[in-house]
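Visitor: Take a look at this one; I'll ask things after.
The numbers here are math on the coordinates, done by the rules we state, and not lab data. The structure displayed is predicted, hence computed values, not measured ones. Here the Cβ positions follow ideal geometry from the backbone for every residue, glycine too, while neighbour counts run over all protein chains shown.
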Amino acid sequence: MKKAFVLVDYQNDFIDGSLGFDKALKIKENILKALNQIDFNNTHLLLTYDT
């Protein structure tokens, strides 16, 4: 069974735009660390993108 890494609403408006908040920038490094540890042969990457 494959795993999934789901990243929701981590995009411009929710980070440093009109809907952003201070902690959004602070979690960037944790997100990058988690992404770098993923085995993409066994994990789906799901991202949301609100246009």
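Visitor: Along Cα→Cβ, 7 Å out, is where each label goes; now give me the distance between the ones at E29 and L46 in nm to one decimal.
Guide: It works out to 2.9 nm between the two label points.
Visitor: So what are the ³J(HN,Hα) numbers for segment 9-18, from phi and the Karplus equation (6.51, -1.76, 1.60; θ = phi - 60°), rounded to whole Hz, Gly and Pro as x?
Guide: Taking θ as phi minus 60°, the curve returns 6, 9, 9, 2, 4, 8, 9, 10, x, 5 Hz for segment 9-18.
Visitor: For the chain, what ratio Rg/Rh do Cα atoms give with a Kirkwood hydrodynamic radius?
Guide: Numbers: Rg = 12.5 Å, Rh = 12.0 Å.
Rounded to two decimals, Rg over Rh is 1.04.
Visitor: Calculate for the chain the 222 nm mean residue ellipticity that helices alone would give, adding -39,500 (n - 2.57) per DSSP H run of length 4 or more and normalising by residue count, nearest 500 deg cm²/dmol. Please report the intermediate quantities before stating the final value.
Guide: Working: 3 runs with 18 residues, N = 51.
My calculation for the chain gives -8000 deg cm²/dmol from helical runs alone.
Visitor: Which of the aspartates and glutamates could a cross-linker span from K23 if the Cα-Cα distance has to be under 18 Å and same-chain partners fewer than 8 positions apart are dropped?
Guide: Leaving aside aspartates and glutamates fewer than 8 places away in the same chain, those within reach of K23 are D9, D13.
Visitor: Pairs of alpha-carbon atoms within less than 8 angstrom and 6+ residues apart define the contacts here; what relative contact order does the chain have, in percent?
Guide: Once normalised by length, the contact order is 59 percent.
Visitor: Putting +1 on Lys and Arg Cβ atoms and -1 on Asp and Glu Cβ atoms, find which of A34, G20, Y10 reaches farthest to the positive end of the dipole of the chain.
Guide: A34
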